[in-house]
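Participant: Let me begin by handing over the structure; questions about it come next.
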Amino acid sequence: KIIALLLTVLLCFSLCACGGDKKLTEEELLATAVSTDIQTLQTAAYENKLKAKEDYCNKPIIISGTVLKIEEDYVILHDASKVFLDAYLSVDDLTKISSGDYITVVGIISDIQDKEMNLGGFIESSYSSPHYIMNLGYLVE
């Protein structure tokens, strides 16, 4: 009985250790990604943020946009709208791009957050806008 109990406990620990999230590869994401654009994300976020989360979060997405800003671990993409995509990319991917580049990324959007944007130098110096957060992303082109 003691051996059976010990084996049961070990089995539980091994299942817990293997239960972590699997990081998808770029190829796996590209095979299942749905293509969209920032204008579509903008419309969805402003019409109904809850529905936008349901439609676009936790699903593979491929999207293109202009690089607004490059941070230490992510890039902010946009088009002419006030909606942004914060794509967390590898250091290798981040070093390949420059501000103003038009790029395509693939990944999984995890959330939509309202963030304060500083426009520096404009009359409207800051405003809050929806940011789609892509925690797992890859540079496609």
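Participant: Using 0.36 nm per residue, how much length does the chain from Lys49 to Asn135 gain when fully extended, once their Cα-Cα distance is taken away?
Facilitator: My answer for the length gained is 29.1 nm.
Participant: Give me the accessible area of Asp73, 1.4 Å probe, in Å² rounded to the nearest 10.
Facilitator: 80
Participant: Next question, about the same structure. Report the antiparallel proportion of the DSSP beta bridges in the stretch 27-107 as a percent, rounded to a multiple of 5.
Facilitator: 80
Participant: Ok, one more. Express the carbon and sulfur contribution to the solvent-accessible surface of the stretch 48-101 as a percent, rounded to the nearest whole number, probe 1.4 angstrom.
Facilitator: 49
Participant: Could you pull out every residue, at least 5 positions away or on a different chain, whose amide H is within less than 5 Å of the one on Lys69? Hs are placed 1.01 Å off N in the peptide plane, and Pro or chain starts have none.
Facilitator: Correct list: Ile76.
Participant: For Lys115, project a label point 7 Å along Cα to C-beta. Then give me every residue of the stretch 58-76 with its amide nitrogen under 11 Å of that point.
Facilitator: The answer is 68-76.
The values are calculated or read from the model by the stated rules, or taken from the named source; none is laboratory data. All figures in this text were calculated on a predicted structure; none of them were measured in a lab. Cβ coordinates were reconstructed from backbone atoms using ideal geometry, including for glycine residues, and neighbour counts include every protein chain displayed. Each accessible area value is taken on the protein alone, full model and side chains, heavy atoms only, with ligands, DNA and RNA left out. Shrake-Rupley method; radii C 1.70, N 1.55, O 1.52, S 1.80 Å.
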